[in-house]
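**Student:** Here it is: the structure, laid out below.
The values are calculated or read from the model by the stated rules, or taken from the named source; none is laboratory data. Being a predicted model, the structure only gives us computed values, none of them experimental. Counting neighbours? That spans all protein chains shown, and the Cβs are built from the backbone with ideal geometry, glycine included.
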Amino acid sequence: MRYVAQKVGFYAVALFAALTLNFFIPRLLPGDPVDILLAKMQQKGPVSEATVTSLRLLLGSDSDEPLFSQYVQYLGNLARGDLGISVSYFPAGVSTIIGQAIPWTIALIGIATILSFVFGVGLGTLAGWKRGSVLDNFIPVTTMFQAVPYFWLALILLYVFGSILRVFPLSGGYNVYEATPGLNWTFVQSAVLYGTLPALTIIISSVGGWLLGMRNMMVSTLSEDYIVTAEAKGLSPMRIRQSYAARNAVLPQFAGFAISLGFVVSGSIVTEQVFSYPGIGNALFTATQNNDYALMQGIFLVITLAVLGTNFIVDLMYGFIDPRTRAKR
Amino acid sequence: MSTIDLGQLADPNSPTGDSGAGAGRKGLTRVFPHVTPKLWVGAGMIAAIALFGLVFPFVVQNPQAISDVGLSAPSGDHLLGTTQTGQDVFAQLAYATRGSLLIGVLVGVVAMALAIVFGVIGTYVGGFVDEAFSLFSNVVLVIPGLPLAIIVSSYVPQKGLVVIAFVIVITSWAASARVLRAITLSLRSRDYVAASRVSGEKTWRIVAVEILPNVLPVLASQFLFAVIFAILAEAGLSFLGLGVSGQFTWGSMLYFAQNGLALRLGAWWWFVPPGLMIALLGCALSLMNFAIDEIINPKLRDQTRAGVSRADRKRLARAEAAAGTTEGATA
Amino acid sequence: MPLSMTNRRRVGFGAIALATAAGLALTGCTASSGGDEGGITANTGPAGDLTANFNPFSATADSTSQGLLYEQLFYYNVLTGADPKPMLGEDYEWNDDGTELTVDLRTGVQWSDGEDFTADDVAYTFQTMLDKPELNRVGFEGTVEATDDDTVVFTFDDTSFVKGPDILGQAAIVPEHVFSKLSDIATDPVEKPIGTGPYMLDTFTPQSYVYKANPNYWQSGKPEVKSIRYIALANNTSATDAIVGGDLDWSSIFIPEADKVLGSNPDVSYVATPLQQITLMTCSNADLGCTGPQTDPAVRQAIYKAMNRDQLNDLAFSGTNKQISPTFMTLGRDDDYISPDVEKETPMTADTEGADALLQSAGYAKGSDGIYAKDGQKLQLEIQVVTGYSDYIAAIDAMAEQLRAVGIEITQSAKSYNEWVAARNNGQFQLTMDSLGQGPSTDPYYLYNGNFDSTTTSPVGEQAINNFARYSNPTVDAAIVAAEQTDDVAAKTEQYFTIQKEIVKDMPYIPVLLQSTLTEFNSAKVTGWPTGDDDTENFPATWKTWDNAQTVLNLKLK
């Protein structure tokens, strides 16, 4: 119980720090949203003095209030679930925008991360088991893919598979002509097709990490006494590998995996830019371009909550799965 | 499935993996036991890239010079062709190498310094300081890095190299701090540390002399990770238009190539080299990391065929042949 | 007891197998999207998700709704400068001193829900602007009255000839019977828009929305194109890919080397429509706080002469930009407005000797490093630019080399958009690359008023509404006021000549090139796209309000 209490305490502090950071950072940014909006409008058509005045009346923030009372107001609004109105997508509310973008990100990046983990851990198990085998030499290759800048790889793959071979679509989340979002088969089918290439690029570039980590843990675990015992007892190699070695080796990987799930939401920005994917990363990017405080804060908040929440759950589960962490402190 | 008993070759308990079977080793292998080819290959590649970045900017053409030839393929005048404005890609690559390496090293050094302060020193001192530092690093660790970098990057007016490095440092030191903390925790309770404490050595001396050297291999590994992370992060920020301006880096080259629709226009000479350089550097750093891993973790070294040097393998084979067994690895 | 590793891995492999199978099955389908029957697909500019905002009063209203869903009283063609074309208004007339404007409206027009369009709707639209200043984007000040079903009269306190184009050409007329029922006009997104325009909203999702043809449209037989689908795209690369792939029929993005890029698809072509004046804005007025060598007109003139604009056009803009005039009038269309006493055309090649002469007579001497210096200060200037504008950055790269050859040193400062806007508005720059704004009509008044009138500017450190160069010249100010007072073209032109004499001499904005907007289109299903040759064509960009309707109404199905 002390363990749980400690964890709760820690995450409460982290949450508070994140909220405060979230409040201050956008306010430190230069320029205010009205100026940005005006500048953009100027490129496209006439912007008269009257427009300027009308915009300031409509969108201008009451920044005359002292910072502290704004902060209190901000916390109060959060508690009520009011994330404000977005300037770049005015008059849509921030929660609406986040609500429509998040499922895409979670679906794509979540599935890609899970697949990457499963592949990586599976291959890592084999690599650690068959020491000195061909698989071992395969590792530097996958690690090299990790060192390749993600967007570079993604752009090349997109060009090859999307433009030249025309196997995958070039952009978007689903086929807008044929499918409407909802729980219907056409839509799901379309979404899977459009998500395949982005997911593939994520998997290729991150599988190396899981592979290497799992392999190293397997190698360490294999020299433990209980493995020798199991061998001595005459258990089959398959059984030893799965139930004894891998089961224990995967524990730290699992913790790392859970943490990376938390980063699913934030890691999507580059992917979504390359593939024009309608997720939360794109929304954040648009928000920073337009100095849209409310949207930026809303997204950052959601991301932070996701990360903190996942970490919290993982810590609790880890305490449950691995009794050693509970033992002594 | 047999295992080679190489226990006599290494003492797993010693942090630096010093060998008991030192007799018979010549020269370098005495100083760097259990160093595999991986280390040399990796180091060699890094040296080559660093040389390219440090020396070549003095000998190549002016990377800023425009020419009317526009986008053109590699030729005698331009080894890697030209960009949309007729600038020489090879020259830009040389300057970009310097810029990116600078960011990488800068971030690596500062991140490690922070990691040592918050991870090693804080942990060793213990008590409230330890708790506070640990809490701080954990909080920084969970705050999402890239979004924070994007937001801060939009804030800074002049995106100079140092500024971007600073932005990246903020998001990268905490992970290393946590790793170092774990190691320091275990070292803190070792006998020789206790002995030093009892004999009245000053804290800073204990940290510097007893703890840091043992943390060194892991620190080196974390440093290399930080370098490649920094270079990739800078590339990512550049792709989003938030990277370094005013200096060439691999990331900024990729950004302009991307905006100039290099791929679509078939200008592979503009788009591929910077990405390839990043990949090569990353590969080199990973190889070095592997090698360091094998030094730190003797089990890794023992169990992979590559970890056994040829001389040792030959010696073992002879020994086992003499002993009449046919098991064991042959060269 | 958690799943043993075996079970977990079995589940894992099973999932992989399923996903792979599904993926392989799906890749059997081709990746191209079909396109709507009798319709076209368009994109107004990469910006991510689309938001439903069909409220024309709103500043962030969808640009497509103004023109295609809602209409204005008259259409002003800013490309050709032709006389205003009657839309919902048939005729208009000013009284002699410009304080009363009478508009005769078109009869027989219906809203898309079947209700009749009357003068009450027009009066309501403008009255709303008076009642709610935050919605008053056209700057209407005065009174409005519907004198009968087909006539509206606007009255003003002062001479307001120059306000005409804004009122007649920039205000979307909304139905009173719909808008008067909204609880908060300022924030209501009007998700079910009712307008008089050629199209109606069919469906909306954040990824794409569809307009379908309005069967009750007052121009009979039009529109021929049955639907327009707008899709969301994140960046220019995705848009380029879509165009080349035939998935996007109409868009307006800048594509470098467009001929090469679009060459692979024979149905795709593009036009380059010059409209925006690219300039180096200078912080020109030392009295208002500007610092740096650019406050000296001789330096500005030298920079003007030293540019090799042909090279800039080739390297940075793929040759699509056109020659500009130092009077900022569009050559060809505005020839009548250009004073015979000033240089009409900006030279496309560099005049390095002229630049040298100017600098030397201003007291500069070349140093040993080839850069001019005066009183110990090197002639060094900083140009600010937005980091995302790669074409501008390429141009500045080239310009820096050209100017260095003459002896002027340029450093480039690329800033994020936010930072750049803030710096420009506050005058915290020496040179910044930007384009001058467009007015509601081709009358030069709007350009000169916006950029050269000292009443719209402020000292460095304070936000300026317009006139970011901080230019202040009493002769110009007086001429602008005089031009406002009359509707007589000849009299106004005299004033413009006076203004031009001053601004060409002082050059607070250094003209670079006339920027072309590229518009790409696909002729596989639809013809009638602009060709760039016809003198009666309109601005074809997808994001241009009001012109968008004119473009689409010209299209015919194959």
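**Student:** Of the residues B:A208, B:A262, B:A177, which is part of a loop (DSSP other than H, G, I, E, B) and either touching a residue at least 24 places away in the same chain (Cβ under 8 Å) or not acidic (D, E) (or both)?
**Tutor:** Values: B:A208 fails: part of a loop (DSSP other than H, G, I, E, B); B:A177 fails: part of a loop (DSSP other than H, G, I, E, B).
So the residue among B:A208, B:A262, B:A177 that is part of a loop (DSSP other than H, G, I, E, B) and either touching a residue at least 24 places away in the same chain (Cβ under 8 Å) or not acidic (D, E) (or both) is B:A262.
**Student:** Return the residues of the stretch B:232-249 that are outside any loop (DSSP other than H, G, I, E, B) and within 8 Å of another protein chain (Cβ to nearest Cβ); say none if nothing qualifies.
**Tutor:** We begin by selecting, within the stretch B:232-249, every residue outside any loop (DSSP other than H, G, I, E, B); these are B:232-239.
Listed by number, the residues that qualify are B:L232, B:A235, B:G236, B:F239.
**Student:** If you don't mind, there's one more thing I want to ask. Return the residue satisfying two criteria in turn: it lies in the stretch B:275-290 and is more than 8 Å from chain A (Cβ to nearest Cβ) and touching a Phe, Trp or Tyr at 6+ places or on another chain (Cβ under 9 Å), and of such residues it is farthest from C:A414 (Cα to Cα).
**Tutor:** This residue is B:N289.
**Student:** Going by the structure shown, is C:A272 within 14 Å of chain A (Cβ to nearest Cβ) and either in contact (Cβ under 8 Å) with a residue 40 or more places away in the chain or surrounded by fewer than 20 Cβ atoms within 10 Å (Cβ to Cβ) (or both)? Break it down into steps so the answer makes sense when it comes.
**Tutor:** On the way: within 14 Å of chain A (Cβ to nearest Cβ): no; either in contact (Cβ under 8 Å) with a residue 40 or more places away in the chain or surrounded by fewer than 20 Cβ atoms within 10 Å (Cβ to Cβ) (or both): yes.
No, not satisfied.
**Student:** Suppose we keep only residues that are surrounded by 19 or more Cβ atoms within 10 Å (Cβ to Cβ) and assigned to a loop (DSSP other than H, G, I, E, B) within the stretch B:37-66. Which one would you say is farthest from the other protein chains (Cβ to nearest Cβ)?
**Tutor:** The residue in question is B:P63.
**Student:** Out of (1) modelled with pLDDT under 90; (2) part of a helix (DSSP H, G or I), the odd one out for C:I465 is which?
**Tutor:** Answer for C:I465: the failing condition is (2).
**Student:** Oh, and also: Name the helices (runs of 4 or more DSSP H) wholly within the stretch B:94-167 that hold at least 1 residues that are of a type in the set (F, W, Y) and closer than 30 Å to B:R188 by Cα? Walk me through how you get there before you give the answer.
**Tutor:** Details: elements: B:122-125, B:127-142, B:145-155.
It comes to B:122-125, B:127-142.
**Student:** What's the number of the condition C:T346 fails, among (1) over 18 Å from C:T279 (Cβ atoms); (2) part of a loop (DSSP other than H, G, I, E, B); (3) more than 20 Å from the chain's Cα centre (by Cα); (4) not small (G, A, S)?
**Tutor:** (1)
**Student:** Return only the number of the condition from (1) of a type in the set (S, T, N, Q); (2) outside any helix (DSSP H, G or I); (3) more than 9 Å from every other protein chain (Cβ to nearest Cβ) that A:T271 does not satisfy.
**Tutor:** Evaluating A:T271 over (1) of a type in the set (S, T, N, Q); (2) outside any helix (DSSP H, G or I); (3) more than 9 Å from every other protein chain (Cβ to nearest Cβ) leaves (2) as the failure.
**Student:** Being over 31 Å from the mean Cα position of the chain (by Cα) and acidic (D, E) is true for just one of C:D267, C:D287. Which residue is that?
**Tutor:** On the way: C:D267 fails: over 31 Å from the mean Cα position of the chain (by Cα).
On inspection, the qualifying residue turns out to be C:D287.
**Student:** Can I ask one more? Test each condition in (1) out of contact with any Pro (no Cβ under 7 Å at 6 or more places or on another chain); (2) surrounded by 19 or more Cβ atoms within 10 Å (Cβ to Cβ) for C:P459 and report the one that comes out false.
**Tutor:** C:P459 satisfies all of (1) out of contact with any Pro (no Cβ under 7 Å at 6 or more places or on another chain); (2) surrounded by 19 or more Cβ atoms within 10 Å (Cβ to Cβ) except (2).
**Student:** Right, another one. Being surrounded by fewer than 22 Cβ atoms within 10 Å (Cβ to Cβ) and assigned to a loop (DSSP other than H, G, I, E, B) is the filter; apply it to the stretch C:508-528 and report the residue that is nearest to the chain's Cα centre (by Cα).
**Tutor:** C:G528
**Student:** For the stretch C:364-402, how many residues are assigned to a strand (DSSP E or B) and among the polar types (S, T, N, Q)?
**Tutor:** Of the stretch C:364-402, the ones assigned to a strand (DSSP E or B) are C:365-366, C:372-374, C:377-378, C:380-386.
Still in the list and also among the polar types (S, T, N, Q): C:377, C:380, C:384.
Residues flagged as assigned to a strand (DSSP E or B) and among the polar types (S, T, N, Q) within the stretch C:364-402 amount to 3.
**Student:** Look through C:D397, C:D434 and report the one residue that is more than 9 Å from chain B (Cβ to nearest Cβ) and among the acidic types (D, E).
**Tutor:** From the options C:D397, C:D434, the qualifying one is C:D434.
**Student:** Can I ask one more? Name the residue that is farthest from the other protein chains (Cβ to nearest Cβ), counting only residues in the stretch C:100-153 that are without any contact (Cβ under 8 Å) to a residue 12 or more places away in the chain and under 30 Å from the mean Cα position of the chain (by Cα). Before the answer, list the steps.
**Tutor:** In the first step, residues of the stretch C:100-153 are kept if they are without any contact (Cβ under 8 Å) to a residue 12 or more places away in the chain; the result is C:116, C:131, C:133, C:136.
Narrowing the set further to residues that are under 30 Å from the mean Cα position of the chain (by Cα) leaves C:131, C:133, C:136.
Values: C:D131: 12, C:P133: 6, C:N136: 5 Å.
Looking at residues that are without any contact (Cβ under 8 Å) to a residue 12 or more places away in the chain and under 30 Å from the mean Cα position of the chain (by Cα), I get C:D131.
**Student:** Shifting gears a bit: Looking at C:Y471, C:Y445, can you tell me which residue is at negative phi, buried (at least 18 other Cβ atoms within 10 Å of the Cβ), assigned to a helix (DSSP H, G or I) and at pLDDT 90 or above?
**Tutor:** None of the other options fit; the residue is C:Y445.
**Student:** Among C:T493, C:T531, which is the only one that is among the polar types (S, T, N, Q), assigned to a helix (DSSP H, G or I), surrounded by fewer than 18 Cβ atoms within 10 Å (Cβ to Cβ) and touching an Asp or Glu at 6+ places or on another chain (Cβ under 9 Å)? Spell out how you get there, then give the answer.
**Tutor:** On the way: C:T531 fails: assigned to a helix (DSSP H, G or I).
Residue meeting the stated conditions: C:T493.
**Student:** Turning to a different aspect of this structure: Restricting the search to the stretch C:223-251, which residues are assigned to a loop (DSSP other than H, G, I, E, B), at the interface with chain A (Cβ under 8 Å from one of its Cβ atoms) and of a type in the set (A, V, I, L, M, F, W, C)?
**Tutor:** Taking the stretch C:223-251 as the starting set, the residues that turn out to be assigned to a loop (DSSP other than H, G, I, E, B) are C:223-226, C:232-235, C:245-249.
Of the ones still in play, those that are also at the interface with chain A (Cβ under 8 Å from one of its Cβ atoms) are C:232-235, C:245, C:247.
Residues satisfying the conditions are C:A232, C:L233, C:A234.
**Student:** I'm trying to understand the selection: among the residues of the stretch A:204-234, which are surrounded by 15 or more Cβ atoms within 10 Å (Cβ to Cβ), away from every other protein chain (no Cβ under 11 Å) and over 30 Å from the mean Cα position of the chain (by Cα)?
**Tutor:** Across the stretch A:204-234, the qualifying residue is only A:A230.
**Student:** Something else now. Within the set of pairs 6+ apart or on separate chains, which have a first residue in the stretch B:82-101 that is of a type in the set (G, A, S), a second that is buried (at least 24 other Cβ atoms within 10 Å of the Cβ) and not in a loop (DSSP other than H, G, I, E, B), and C-beta atoms under 6 Å apart?
**Tutor:** B:A96/B:W250; B:A96/B:M253; B:S100/B:I231; B:S100/B:W250
**Student:** Looking for whichever is polar (S, T, N, Q) and facing another protein chain (nearest Cβ under 9 Å) here; the options are A:S86, A:S95, A:S116. Which one fits? Working first, answer last.
**Tutor:** On the way: A:S95 fails: facing another protein chain (nearest Cβ under 9 Å); A:S116 fails: facing another protein chain (nearest Cβ under 9 Å).
Residue meeting the stated conditions: A:S86.
**Student:** Count, please, the residues in the stretch C:296-319 that happen to be assigned to a loop (DSSP other than H, G, I, E, B) and either surrounded by fewer than 22 Cβ atoms within 10 Å (Cβ to Cβ) or at pLDDT 90 or above (or both). Spell out how you get there, then give the answer.
**Tutor:** Of the residues in the stretch C:296-319, the ones assigned to a loop (DSSP other than H, G, I, E, B) are C:296, C:307-308, C:318-319.
With the extra rule that they be either surrounded by fewer than 22 Cβ atoms within 10 Å (Cβ to Cβ) or at pLDDT 90 or above (or both), the set shrinks to C:296, C:307-308, C:319.
So the count comes out to 4.
**Student:** Further question: Suppose the filter is without any contact (Cβ under 8 Å) to a residue 12 or more places away in the chain, over 30 Å from C:V504 (Cα atoms) and in contact with a strand residue (DSSP E or B) (Cβ under 8 Å, 6 or more places away or on another chain); does C:T196 pass it?
**Tutor:** Working: without any contact (Cβ under 8 Å) to a residue 12 or more places away in the chain: no; over 30 Å from C:V504 (Cα atoms): yes; in contact with a strand residue (DSSP E or B) (Cβ under 8 Å, 6 or more places away or on another chain): yes.
Spelling it out, it is not the case that C:T196 is without any contact (Cβ under 8 Å) to a residue 12 or more places away in the chain, over 30 Å from C:V504 (Cα atoms) and in contact with a strand residue (DSSP E or B) (Cβ under 8 Å, 6 or more places away or on another chain).
**Student:** Now for a separate question. Of the residues C:D477, C:D434, C:D443, C:D453, only one is among the charged types (D, E, K, R) and within 13 Å of A:E49 (Cα to Cα); which? Can you show your working first?
**Tutor:** Working: C:D477 fails: within 13 Å of A:E49 (Cα to Cα); C:D434 fails: within 13 Å of A:E49 (Cα to Cα); C:D443 fails: within 13 Å of A:E49 (Cα to Cα).
None of the others qualify; the one that does is C:D453.
**Student:** List pairs: first in the stretch A:154-177 and at negative phi and at the interface with chain C (Cβ under 7 Å from one of its Cβ atoms), second part of a loop (DSSP other than H, G, I, E, B) and aromatic (F, W, Y), Cβ under 8 Å, 6+ apart or cross-chain?
**Tutor:** So the pair list comes out as A:G162/A:F168; A:S171/A:Y277; A:G173/A:Y277.
**Student:** I would also like to ask the following. Please go through the stretch C:96-109 and give me each residue that is over 18 Å from C:A549 (Cα atoms) and either touching a Ser or Thr at 6+ places or on another chain (Cβ under 8 Å) or outside any loop (DSSP other than H, G, I, E, B) (or both), ordered by number.
**Tutor:** Step one: filter the stretch C:96-109 for residues over 18 Å from C:A549 (Cα atoms), giving C:96-105, C:107-108.
Listed by number, the residues that qualify are C:D97, C:G98, C:T99, C:E100, C:L101, C:T102, C:V103, C:D104, C:L105.
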